[in-house]
Amino acid sequence: MVDAQYYSNMPNHFRTRPQRPPMDNNTTTDSDDNPRPLPSPRNNALFLFPPDGRVSRSSTAHSTPLPSRSTSPLPQFYPNTLGSSSCPSESDTDEEPSEPLFRDRVGRDRDPLWRERRRPWWTVSNRRRPKQGWRIVRVARRWLRNLVRHPLFPSQPITIILTLILFAIFAISLTLLLIYILNPDKEPLPWRAYCSVPSLAPPFDRPAPPNSPQIYPNYTNGQELPPFPHDELDHLPPAGVFVGVFSIDSAFERRMLMRSTWASHPRSRDGAGAGDDGISTSRTIVRFILGQPRKDWERRVKLEMESKSLLFYAIVYNDIVILPIPENMNGGKSHTYFSWAAINAWVPPVYKPSVVPPPSFSYSNNTSTPPSLATHDPFLAWQDINSGNSKPWVRPDFVIKVDDDSFIMLAELEARLRLTLHNDPRKNNEAASNPSTRPNSLLSQKQRLSLDLQNNDPLIYWGYLVTNRLHMFMAGELYALSWSLVDWVARDPTVKTLTRGAEDKQTAKWMRLHPRASEVRWTSERCWIYDHPRSGTVYSHGFLFPSEVSRVRQAMREDLEKSAQSPLAGTPATPTPTSNIVGGGGTPSYWGHSSVSTFRVRYTAPLPDLSTTHSVEALVEGSDMSLLREGSPMTPEYAWTHREGRKARYEGKRVGGTVVVHFIKKNMWYLETALALLEGEEESESERYELGRMALEGGDGAYTKRSSAIQQHPRVYQRRPGSLKT
């Protein structure tokens, strides 16, 4: 009905169709020489587009109406049930078979559902199914095309630039947010508790998670840090320590700084005060560990490894070890280093006899000829080599991995490792029930010999213990493994499959895989290992000395006693600012306070235009120079003359101070650390004045008494005003 009505209302010149002349096969109008050209759509324009007014309105037997505009996209494929011819005596179906354009229409009229035809499910197609990858590409291209054609998509230069800026801001903000969320160090650590009452700070202030290792020393609730050094330290033989400093081929300047400072300086090897003539570090060797150098640096490293003659001096380094792997940080260098050390690490033997003879371990009889010495090797080792009858070298008790941004005090490091080596907690736990036994009693030689040598080998994992909600490991700036652990790491096949990743965390995984993992002693040192004051990290504070730690302990003790006695006296206890916590626990915020550095704040000097010596003194924790501020009545000259000397800072002892300063990213910071820890006078100007005045007033006896009082109780006579809670 729709088609019939459409045709009836259509103008005549649209309904008429051009007449097609009949073809006579028997009659030839053209000769063979002049063949008739075939009609083409271009020449027969009337076939598709008849001109207006030139078509006769009369119908003939060969003129059938054909609509020029259809009512549907494909009208010619639908059957015409209502004929609209101008000649009622003839139907369209009589002419349709002879029309070439309508030959397919007849067949389609017979099957009105021709468009709904589908290939039967049982037929098998030979067409290959497109690959999934190309399909994904096509879908992506389609989505991208739709996105680009979206009206809100930027198309002008200014909108494109603004869109890129907004996208960059969003990406940076998202990255910083993820870094903040994943970073476990969000608040400064309570280093004051680490140095006074470790049991009040993590991990000792909370129950240990399941399957966690045993941490040594194991401090109970309220137990203070025992005094250091131990009374029997100098009675024990020195420990053999092999220090491997991880370096790279281009870090020649940093290696020279280490060679000329802590690797060879007398105050690093001998300790404070008069020292011990290098006996404690006579078995401590320092070597630089490198991967395969790059082509541009290969010749320079070779020249550094060879001998050089400079005027009358022969510079012989002999302190570089090239590992057979490409240079990397977390790609297996640590495991390759320990594997190399299990074969090639040797240290000098015990040169001087001690009150306690050296212990007997399974590796004590392994010896080797002395290697070529470096310029910073122990003086006693050079003396033994030059004697002509040198002693064979032995295996080290500890193999240490160190980063090249760390500054080490070798005498302090060896003293702590020596006590750890000779102190067996298994026997201490048995003796703890005896009140007469001291908590740090040393295992006697007879008790050690009664054990099997193999089982008697110490299993020690020493360093700065990092504990957070995700991991527990010794920080990578410095950690030590006893020899038995090094030998096992080099041989175990499972460990060889766990060499890639954060190397300090991988080392902690190795310790958990040890067959005697429950006997591995995770020994932590948190007070005397910290970051440089300028770094601004959670581990940073000022350069620390024993005198300041004594004042911190006294202040912590008074604060705890006041908190414990206030409820008994009927008065409210002093509120503890637990709203601002540090270290992830409920510790007060001022336990992480530093007079030098502030977390996440770039360090600035207390006053502008300070001299070099004054600026270094301002980096010392608790010093008067670090407390200077604009408008303060105290001047830099007064703070300098009233500073503490080295005797007062070390409280008259040889060791007991800083072990490692980490995160020294600039050479200037390295020189500042060397000046603060290795240089300085034994007595300051004010201390010499006080000693001289007392000598004049009371004679030599008063002078000696006053000098001893200053060394044992530093700065009691000139305690500065102020509180830890400021």
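Check which residues have an amide H placed less than 5 Å from Ile215's amide H, if you skip close sequence neighbours.
For Ile215, whose amide H was placed from the backbone, there are no distant partners under 5 Å.
Among 401-412, 489-500, 670-681, how do they line up by average Cβ neighbours within 10 Å per residue, starting with the highest?
Per-residue mean Cβ counts within 10 Å order the peptides as 401-412, 670-681, 489-500.
Ser260 to Leu498: extension gain in nm, 0.36 nm per residue of separation minus the Cα-Cα distance?
82.1 nm
With the full set of protein chains in place, find how many percent of the accessible area of segment 138-178 is carbon and sulfur; take the probe as 1.4 Å.
On segment 138-178, the fraction of accessible area on carbon and sulfur atoms equals 77 percent.
Take every DSSP beta bridge whose two residues both sit in segment 275-415, then give the antiparallel share in percent to the nearest 5.
Taking every DSSP beta bridge with both residues in segment 275-415, the antiparallel ones total about 60 percent.
Quickly rank 176-183, 270-277, 291-298, 234-241 as a protection proxy: mean count of other C-beta atoms within 10 Å, highest first.
234-241, 270-277, 291-298, 176-183
Compute the FRET efficiency between Val355 and Glu224 as 1/(1 + (r/R0)^6), taking r as their Cβ-Cβ distance and R0 = 25 Å, and round to the nearest 0.05.
For Val355 and Glu224, the calculated efficiency is 0.35.
Kindly write out, for segment 397-409 in residue order, the coupling ³J(HN,Hα) from the Karplus curve 6.51 cos²θ - 1.76 cosθ + 1.60 (θ = phi - 60°), rounded to whole Hz, with x marking Gly and Pro.
6, 9, 10, 10, 9, 9, 7, 7, 9, 10, 10, 10, 9
Report the full-extension gain for the segment Glu558 to Asn330: residue separation times 0.36 nm, less the Cα-Cα distance, to one decimal in nm.
Between Glu558 and Asn330, full extension yields 77.5 nm more.
Computed FRET efficiency, Cβ-Cβ of Ala274 and Lys302, R0 51 Å: what is it to the nearest 0.05?
0.80
Order 340-352, 198-210 from most to least packed using the mean count of other Cβ atoms within 10 Å.
Result, highest mean Cβ count within 10 Å first: 340-352, 198-210.
Taking H as built 1.01 Å from N, whose amide H comes closer than 5 Å to the amide H of Thr587, not counting residues under 5 places away?
HN-HN under 5 Å from Thr587: Val582.
Decide, for segment 333-400, between rounded, prolate and oblate: order the square roots of the alpha carbon gyration tensor eigenvalues as a ≥ b ≥ c, take rounded if a/c falls under 1.5, and otherwise choose prolate if a/b is larger than b/c, else oblate.
Verdict is oblate for segment 333-400.
How far apart, in nanometres, would the label points at Ile172 and Glu630 be if each is projected 7 angstrom from Cα along the Cα-to-Cβ direction?
Distance between label points: 2.8 nm.
Figure the gain on full extension for Asp231 and Ser368 (residue separation times 0.36 nm, minus the Cα-Cα span) and round it to one decimal in nm.
Additional length available on full extension: 46.0 nm.
Quick one: which residues, 5+ away or cross-chain, put their amide H under 5 Å from the amide H of Phe543? H built at 1.01 Å from N.
Val620, Glu621
What nm value, rounded to one decimal, do you get for the distance between Ile179 and Trp134 when each label is placed 7 Å out toward the C-beta?
For the pair Ile179/Trp134, the computed spacing is 4.5 nm.
Percent of accessible area on segment 457-568 owned by carbon and sulfur, 1.4 Å probe?
Here it works out to 50 percent.
Keeping the other protein chains in place, figure out the carbon and sulfur percent of the accessible area of segment 643-701, with a 1.4 Å probe.
57
The values are calculated or read from the model by the stated rules, or taken from the named source; none is laboratory data. Note that this is a predicted model, so its numbers are computed, not measured. With ideal geometry, Cβ positions are generated from the backbone for all residues, glycine too; neighbour counts draw on all protein chains shown. With ligands, DNA and RNA removed, areas are computed over all heavy atoms of the protein, side chains included. Shrake-Rupley method; radii C 1.70, N 1.55, O 1.52, S 1.80 Å.
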